[in-house]
Structures are given as C-alpha cells and as structure tokens.
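Engineer: Mind having a look at this structure? Questions to follow.
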Amino acid sequence: MLPVSVRAEEDNSLFSQLRLKKRGVTQPATTGHGMGSGIPATTESRIVNDGSVAAFITPDSPAQIQAMADKYAKIAAAGGWPEVPRGRIKKGSTGNQVASLNQRLYVEGYLQVEATQGEFQKVFTSATEDALKRFQVNHGLAPSGVIDAVTLAALNVPAQQRLATIKANIPRLAEYSKDLGPRYVVVNVPAQQIETVEGGKVYSLHNAIVGRPSRPTPVVMTPLTIVRFNPYWNAPPSIVERDIIPRMQSRGASKVLADMNVKVFQGVGGPEVDPDKINWRTAKIADYHFRQEPGGDNAMATAKIEFTSPFGIYLHDTPEPQLFRTANRFYSSGCVRVDKVAIMLEWILQGQDGLNAAKIAELAQSQERLDVNILNAPQLRVAYLTAWPAKGGVAAFREDVYEMDGTGFVVGQPLPVGEKQAGQRFVLKPIPYLQQDIDTNDGGGFLAALFGGKSARDQEVKPGQNKRAGDSLINLGGNPAKQASVNTASKTSKANGPATGKRFLFGSSKNSLAADPGATASKGPKKKTVQKKGAKPTATTAKSPAKPAAKTAAATSKTKAAAKPATPGKKPVSTTAAATPAAKPAATAAAKPDKAAKPAATAAAKPDKAAKPAASCKPGSGGKLPAGCPAPKPAAATMPAKPAAAAKTATN
C-alpha cells in the first residue's frame with residue numbers, strides 16, 4: 001500500500017496528455033465538456049502587491065465580518081433592496097429600470113445617495129458603471145459593467161439570504177484567521193482562487209482548480225513544508241490493475257511503460273525491475289510500485305507543494321494549464337492545481353538555496369528532481385468562504401458549491417453534495433476509500449483516454465450535472481444513486497453488510513484499518529472456487545423465489561445454514577466481490593430451460609431436474625407469486641464443507 005498522501009488525483013492528466021501527444025496536439029481547446037466549462041474565466045492570475053485587492057482572510061477578519069453581518073441585518077430589517085427589472089442596460093441607458101438599479105446599488109453601499117436623486121436618478125452614469133463593475137467582481141462575475149442574466153440574478157438575491165450567507169462564514173473566518181503569521185497562502189475553494197499574502201497585502205492571485213462537488217476539497221490549516229520540483233507521480237494500484245496492466249499484456253510491458261514514462265519497482269523504495277520478465281497475469285499488484293518519471297506529461301508537471309494534512313491533499317502544477325482559462329474550475333478529486341505556480345514558488349522560497357525566479361525556470365526546463373524543505377514556511381489556509389469582507393464596506397459572495405452553509409461547517413472534509421454521515425454533511429477525519437470507489441471515480445475512462453475513445457476529462461462531473469455512478473466518498477457498495485442520503489455510519493454498515501473482501505486504500509490510516517474488521521489488505525488477483533465432482537452444494541434454492549444465489553447466499557456468511565427468501569421489491573444489499581466466479585446466477589442457469597442446471601458453488605438445482613426460469617416466478621407488486629409457481633420453502637440445511645479434499649482453488 002502506498003502512503004496516504006499518494007492519491008488517485010491527477011491520473012487523468014497522464015492519460016489525456018498521452019492521448020493528445022499521440023495525436024500531435026499540445027494544447028487542447030478549452031471548449032466542450034472534456035476540456036473545461038467552455039465559459040471564459042472571470043479572474044486572472046497575476047502579481048498585485050499594491051493593496052488594491054482585499055485579502056480573503058486577515059487578522060481583522062472576525063471583526064470585519066461581524067460588522068458586515070450588522071450592516072446587512074439592518075438592510076434586511078428595513079425591507080431589503082429593490083428588485084431590478086429584466087432588461088439589458090448599460091452606460092447611457094435611462095428609465096425606471098436604471099432607477100431601480102441605482103437604488104439597489106446604493107442600498108448595499110456601492111453608490112452614493114446622489115445617484116438616486118434628481119437628474120441622475122434614472123441615468124446609467126459612469127458612477128453606476130463603476131459601481132456595477134465592483135459588484136460583479138465581488139460576486140465572481142466578469143466586470144463588464146453591463147446587466148446580463150447572471151448579473152441580474154446576483155442583484156436580485158434577497159438581502160435576508162445574503163445575511164444568512166454572511167452569518168455562516170462568521171465562525172469560519174474566526175477560525176481561519178488564527179495564528180496567520182506575517183506570510184500566508186489562502187486557497188478559497190468556492191472562489192477557485194489562491195492568494196499569497198504578506199504584511200497584510202495580497203502579493204499574488206492565482207486561479208485554482210479544486211475538487212468537484214462529488215469529491216470536495218477538504219479544509220485544512222497548517223504550514224507549508226516541502227516543495228518538490230519535477231516530482232514523481234505514483235500510480236495508484238487501482239489504475240495499475242484496471243488500466244495499465246491490461247494494455248501491457250496486449251502490447252508489451254516495456255513498450256507501454258516507455259510511452260507513459262513509467263518505471264516499475266519491487267515495492268515502494270525497492271529496486272527497479274524489468275517489466276518484461278514478470279508474469280503480469282499472476283503478479284500481485286501490491287508487490288510493485290509504478291512510478292511516472294518527471295517530464296512534461298507528468299501529472300504533477302513542474303512542482304508539487306506539500307503540507308501536513310490527514311486528508312492527503314497538496315498543491316501542484318498541471319500539464320493542462322489551459323483549464324485555468326475557464327470558469328467553474330471544479331474538476332479535481334480534492335487536490336488543488338495552481339496557475340502560474342512559478343510565481344508562488346518564488347514567493348514561498350524567498351531565494352533560499354539560490355532558488356530565485358531564474359533557477360526555478362531552469363529546473364522546470366531541465367526536469368531535474370529536487371526536494372526543498374521550506375525555511376520560514378508560510379501558513380496555509382485551504383478555506384471554504386462563501387462570503388468575506390471586501391473593500392468599500394461591502395461583502396463579497398460566492399456560490400455555496402458544496403452546500404455547506406447552514407451546516408456548521410468550518411474545517412474538515414465536506415461530504416459529497418447530498419450525502420451525510422451520522423447526520424452531518426462533513427467529517428473531521430479522513431474517510432477510507434474502497435477499491436471500487438477508486439476504480440470508478442479516479443480510474444474511470446483512463447484506458448479509453450490513453451488509447452482512444454472518450455477523454456478522461458469526459459468522465460468528470462461539473463457543477464449542475466448528475467454524479468456518475470459510484471462517484472461518492474462514502475459509497476460502500478450497491479447502487480450509489482440510491483445512497484444519496486446516508487444518515488448514520490451504522491446505517492451505512494447495516495445497509496451494505498460487512499466489508500469483507502474490499503480493500504481500503506487512500507485516506508486510510510493503519511489505525512483505521514485495524515479498527516475495521518472488514519478491511520483487508522490487497523492479496524493480489526481474486527481466486528475462484530472450483531467444485532470437485534460429487535461435492536455437495538452448500539444450499540438448495542431450486543424451488544425458491546429467492547434472488548440469484550450468487551448475489552445473496554455468497555454475499556453473507558459462509559456459516560449460514562440456509563438462504564432466506566427475498567423480500568418482494570427489495571434489492572440485495574450488496575453484489576460486490578462476494579460471490580465466487582464459479583457461481584452462476586440463477587438467471588443464467590434458467591436461460592436454457594430445456595437443459596439441466598449445473599450445481600453452483602453456493603446454491604444449485606437438483607441435478608436430475610431442469611431449473612425453472614427464475615424470471616417467471618418472481619413475486620409481483622403485491623408480493624404474490626404467479627399462478628402455477630410453487631410456494632417458497634426453506635432451503636435445505638448446509639452440510640459442513642469438507643477440507644481441501646472437497647474443493648480446490650484456481651487462480652484467475
């Protein structure tokens with residue numbers, strides 16, 4: 001098992017970049033679902049350092065946000081602000097709609113009272129335009145100075161709702177502002193932006209790519225620790241098993257790995273091995289470490305910035321910088337990608353060890369590996385701020401993309417949108433990831449992305465879209481779409497049964513694995529049980545309307561004496577790796593009713609009698625069986641299985 005910090009985070013970069021490289025494309029377009037939102041970014045990465053931008057967080061933030069709450073409470077108590085009618089207006093426009101706009105901007109504090117009186121009352125003046133642009137910037141919109149649909153929607157959010165948003169951020173700013181020190185970095189997840197702050201002033205702004213709503217970026221407060229120039233990327237076992245090895249088997253191990261710039265080692269830190277001398281059909285994946293070398297196609301690109309965190313996230317560069325030019329940058333699996341990372345690196349390192357701008361550029365060009373422990377390390381705040389004090393006595397707002405306002409969330413791991421654990425929308429400790437979750441969420445589509453077909457980024461879920469099946473932090477098996485609201489951890493456990501046979505991977509600690517009796521380490525390829533001729537079946541369900549044996553009896557305990565009849569309308573709680581590959585579902589056996597069903601590893605029909613098609617005797621909506629179907633009977637008692645003499649195993 002790889003260290004907790006090694007997550008299946010930027011796997012898509014590896015595969016999508018290689019696919020593009022094979023086609024001779026170096027910078028994919030920023031349009032379409034596969035390459036971003038297609039909407040231009042409303043913010044830009046740049047050095048500021050002039051005091052013109054208010055920082056997301058300062059030591060004075062608690063007092064400032066409370067002042068904002070008091071101000072907006074008075075506005076709400078006085079009836080709020082007027083609604084701006086529909087219509088596209090801009091500088092020079094006149095009329096009642098302009099009068100409503102001027103009054104709206106004045107009430108919140110963007111315009112002086114003179115703009116609402118006399119000859120200027122119904123005129124869209126230069127002052128109106130400037131006020132509207134500041135409003136747009138404070139709401140993450142393009143500062144056009146024109147009333148468009150998104151600006152109109154933001155203007156017409158009620159004052160009471162804005163007050164509720166401010167109140168949700170009072171405890172957050174109180175916590176995030178503690179122990180900031182003179183230099184710090186703030187990642188504001190809802191704003192998809194990063195600020196470096198020194199001496200109370202914003203030095204630089206960076207567009208960021210953060211976790212999608214089904215894989216939220218956690219909130220952490222910690223100092224930065226290490227900069228890794230031209231880092232390795234460690235391929236997660238799920239990606240190796242599902243995507244890389246099948247291609248190695250069909251095209252040749254060394255050829256495929258050379259294309260990906262990947263080397264294989266005998267375990268983490270072990271010697272390099274020759275991939276052509278290993279039988280990858282029988283090899284145990286856990287015995288090998290697949291490492292992508294530094295280079296342009298590396299998922300981390302030129303640099304990775306690490307910090308102490310139980311959630312295993314980090315800041316890093318990306319080989320797909322074009323994505324920073326799009327809006328709604330909720331693409332990642334939790335880690336944070338940084339635009340113009342070289343500016344941030346120079347600011348962080350302050351020339352230590354001769355690492356100035358020229359040396360940082362040289363390292364990016366040479367692809368030389370270098371790890372640097374940061375001296376005088378700045379603090380880091382990965383923050384969740386949907387409101388904060390802006391300049392001019394007004395508040396800035398962003399969309400509550402993870403739906404955390406009103407939940408009491410301050411720090412920790414937000415759960416995917418729509419999900420709960422123990423009645424909460426967030427947790428304070430990492431959630432163990434299951435093998436199937438990693439496969440579905442972080443490994444889905446990468447083989448197609450590398451060798452043709454849809455782009456890996458086509459598998460991503462953007463805001464407003466439905467989640468992919470299995471795209472969940474707390475999915476423990478079954479149909480994730482039916483698990484949109486998990487109220488308690490115990491409910492999750494009951495609904496899904498013991499986690500036997502599932503492999504906890506990233507986000508897990510040794511203690512959490514030890515505490516969970518269902519968590520097991522990877523033991524290589526699954527084995528199937530081959531029943532010897534004459535061996536007694538463990539359960540008989542030939543005349544029972546129970547669900548397929550491969551999905552019920554085998555998924556529970558080996559010591560159960562009989563399979564329970566299925567409850568009408570109720571699906572089996574788990575259909576994961578419980579059944580052995582040799583066991584055939586009843587539906588398969590019933591496909592040819594003129595042929596006797598063969599005994600299965602867990603349940604079988606009598607060998608001298610043809611199996612009745614399961615589909616014809618399923619209970620109806622009222623729980624009744626169709627005419628001619630026998631009533632359900634308890635399954636025969638299971639005879640104790642004989643030792644190895646009764647059955648043998650074969651490796652897939």
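The values are calculated or read from the model by the stated rules, or taken from the named source; none is laboratory data. Just so we're clear, the structure is a prediction, and the values are computed from it rather than from any experiment. Every residue, glycine among them, receives a Cβ derived from its backbone with ideal geometry; neighbour counts consider all protein chains shown. Quick note on the areas: whole protein, heavy atoms, side chains included, nothing else; ligands and nucleic acids left out. Shrake-Rupley method; radii C 1.70, N 1.55, O 1.52, S 1.80 Å.
Engineer: Within the stretch 225-239, which residues are under 15 Å from residue 337 (Cα atoms), of a type outside the set (Val, Ile, Thr) and part of a strand (DSSP E or B)?
Structural biologist: Step one: list which residues in the stretch 225-239 are under 15 Å from residue 337 (Cα atoms), which gives 227-231, 233.
Within this subset, residues satisfying the condition of being of a type outside the set (Val, Ile, Thr) are 228-231, 233.
228, 229, 233, listed by residue number.
Engineer: Then there's this: Would it be correct to say that residue 231 is closer than 23 Å to residue 352 by Cβ and in contact (Cβ under 8 Å) with a residue 60 or more places away in the chain?
Structural biologist: Numbers: closer than 23 Å to residue 352 by Cβ: yes; in contact (Cβ under 8 Å) with a residue 60 or more places away in the chain: yes.
So residue 231 passes the test.
Engineer: Sort out which residues of the stretch 64-84 are crowded, with 17+ Cβ neighbours inside 10 Å and part of a loop (DSSP other than H, G, I, E, B), and write them in order of number.
Structural biologist: Matches in the stretch 64-84: 80, 81, 84.
Engineer: (1) touching a Leu at 6+ places or on another chain (Cβ under 6 Å); (2) within 16 Å of residue 381 (Cα to Cα); (3) not polar (S, T, N, Q): which one isn't true of residue 145, the others all being true?
Structural biologist: Of the numbered conditions (1) touching a Leu at 6+ places or on another chain (Cβ under 6 Å); (2) within 16 Å of residue 381 (Cα to Cα); (3) not polar (S, T, N, Q), the odd one out for residue 145 is (2).
Engineer: Out of all the residues in the stretch 321-346, which are more than 18 Å from the chain's Cα centre (by Cα) and among the charged types (D, E, K, R)?
Structural biologist: 325, 339, 340, 346
Engineer: Further question on the same structure: Select from the stretch 227-255 the residues that are open to solvent by 60 Å² or more (accessible area, probe 1.4 Å) and out of contact with any Lys or Arg (no Cβ under 6 Å at 6 or more places or on another chain) and write down the one among them that is nearest to residue 280 (Cα to Cα).
Structural biologist: 249
Engineer: Still on this structure: Restricting to the stretch 319-340, give me the number of residues that are open to solvent by 10 Å² or more (accessible area, probe 1.4 Å) and either acidic (Asp, Glu) or closer than 23 Å to residue 377 by Cα (or both).
Structural biologist: Residues meeting the conditions: 2.
Engineer: Ok, one more. Going through the stretch 250-300 one residue at a time, which ones are touching a residue at least 24 places away in the same chain (Cβ under 8 Å), polar (S, T, N, Q) and either touching a His at 6+ places or on another chain (Cβ under 8 Å) or not in a loop (DSSP other than H, G, I, E, B) (or both)?
Structural biologist: 292
Engineer: I've got another one for you. Go through (1) open to solvent by 30 Å² or more (accessible area, probe 1.4 Å); (2) in contact with a Lys or Arg (Cβ under 7 Å, 6 or more places away or on another chain); (3) at pLDDT below 95 for residue 282 and report which single condition fails.
Structural biologist: (2)
Engineer: While we're here: Regarding residue 87, is this residue of a type outside the set (A, V, I, L, M) and either open to solvent by 50 Å² or more (accessible area, probe 1.4 Å) or over 41 Å from the mean Cα position of the chain (by Cα) (or both)? Working first, answer last.
Structural biologist: Details: of a type outside the set (A, V, I, L, M): yes; either open to solvent by 50 Å² or more (accessible area, probe 1.4 Å) or over 41 Å from the mean Cα position of the chain (by Cα) (or both): no.
Answer is no for this residue.
Engineer: Then there's this: Can you confirm whether the stretch 347-367 contains a residue that is of a type outside the set (A, V, I, L, M) and under 28 Å from the mean Cα position of the chain (by Cα)?
Structural biologist: The first filter runs over the stretch 347-367 and keeps only residues of a type outside the set (A, V, I, L, M), leaving 347, 350-354, 356, 359, 362, 365-367.
Within this subset, residues satisfying the condition of being under 28 Å from the mean Cα position of the chain (by Cα) are none.
The answer is no, given that none of the residues of the stretch 347-367 is of a type outside the set (A, V, I, L, M) and under 28 Å from the mean Cα position of the chain (by Cα).
Engineer: Please go through the stretch 61-85 and pick out each residue that is more than 20 Å from residue 155 (Cα to Cα) and touching a residue at least 24 places away in the same chain (Cβ under 8 Å).
Structural biologist: Listed by number, the residues that qualify are 61, 62, 64, 65, 66, 67.
Engineer: Pick from 301, 258: which is open to solvent by 70 Å² or more (accessible area, probe 1.4 Å), small (Gly, Ala, Ser) and closer than 28 Å to residue 360 by Cα? Reasoning before the result, please.
Structural biologist: Numbers: 301 fails: open to solvent by 70 Å² or more (accessible area, probe 1.4 Å).
So the residue among 301, 258 that is open to solvent by 70 Å² or more (accessible area, probe 1.4 Å), small (Gly, Ala, Ser) and closer than 28 Å to residue 360 by Cα is 258.
Engineer: Go through (1) more than 30 Å from residue 376 (Cβ to Cβ); (2) touching a helix residue (DSSP H, G or I) at 6+ places or on another chain (Cβ under 6 Å) and name the single condition residue 140 misses.
Structural biologist: (2)
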